[in-house]
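All remarks here apply to the structure that follows.
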């Protein structure tokens, strides 16, 4: 689980320490255990004295109490992803068609790109391109 560099880990530790300090001062919380978690991976849970590092199946068990949650959620997520992807691809095709049509209308002549017009639009003086 190497998501950050040393300065990001230092900032994380500092934020965890500050959060723990604030929660302990509130006196409404007796014990605080910061957790750095990842929903995937096989690394064993470790406690470095400042926070727990939890990955994969142990993460899903930690948040749910269900040792099989990490596999139980795969099929429903896959089904939802498929539906989302289909909708995304349909909307993407609409946008590509729209942008292609607009580009052709504004920057093509007889099916060829009018490079001068395109470069003027992109980089020319605002008053000259109007």
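Throughout, read-outs are computed from the coordinates displayed, never taken from laboratory work. Given the structure is predicted, the values throughout are model-derived calculations rather than measurements. Positions of Cβ are generated from backbone atoms using ideal geometry, with glycine treated the same way; all protein chains shown enter the neighbour counts.
A few notes on this one:
- Computed from Cα atoms, the angle from the helix 74-107 axis to the main principal axis of the chain rounds to 30 degrees.
- Rounded to 10°, Cα long-axis angle of helix 6-26 versus longest principal axis of the chain: 50
- FRET efficiency estimate (nearest 0.05) - Cβ-Cβ, residue 9 to residue 71, R0 41 angstrom: 0.85
- Here the sum of -39500 (n - 2.57) over DSSP H runs of 4 or more residues, divided by the residues of the chain, equals -20000 deg cm²/dmol at 222 nm, to the nearest 500.
- Stretch gain in nm, segment residue 33-residue 19, where the contour uses 0.36 nm per residue and the Cα spacing is subtracted: 4.0 nm
- Once Cα Rg over 2.2 N^0.38 Å is calculated for the structure shown, the corresponding label among (i) 1.89; (ii) 0.97; (iii) 1.08 turns out to be (i).
- Under 19 Å from the residue 113 label point (7 Å along Cα→beta-carbon), backbone N, segment 54-97: 96-97
- Modelled spin labels at residue 99 and residue 47, positioned 7 Å past Cα toward Cβ, are 5.1 nm from each other.
- Shape call, segment 6-70: gyration tensor on alpha carbons, a/c limit 1.5: oblate
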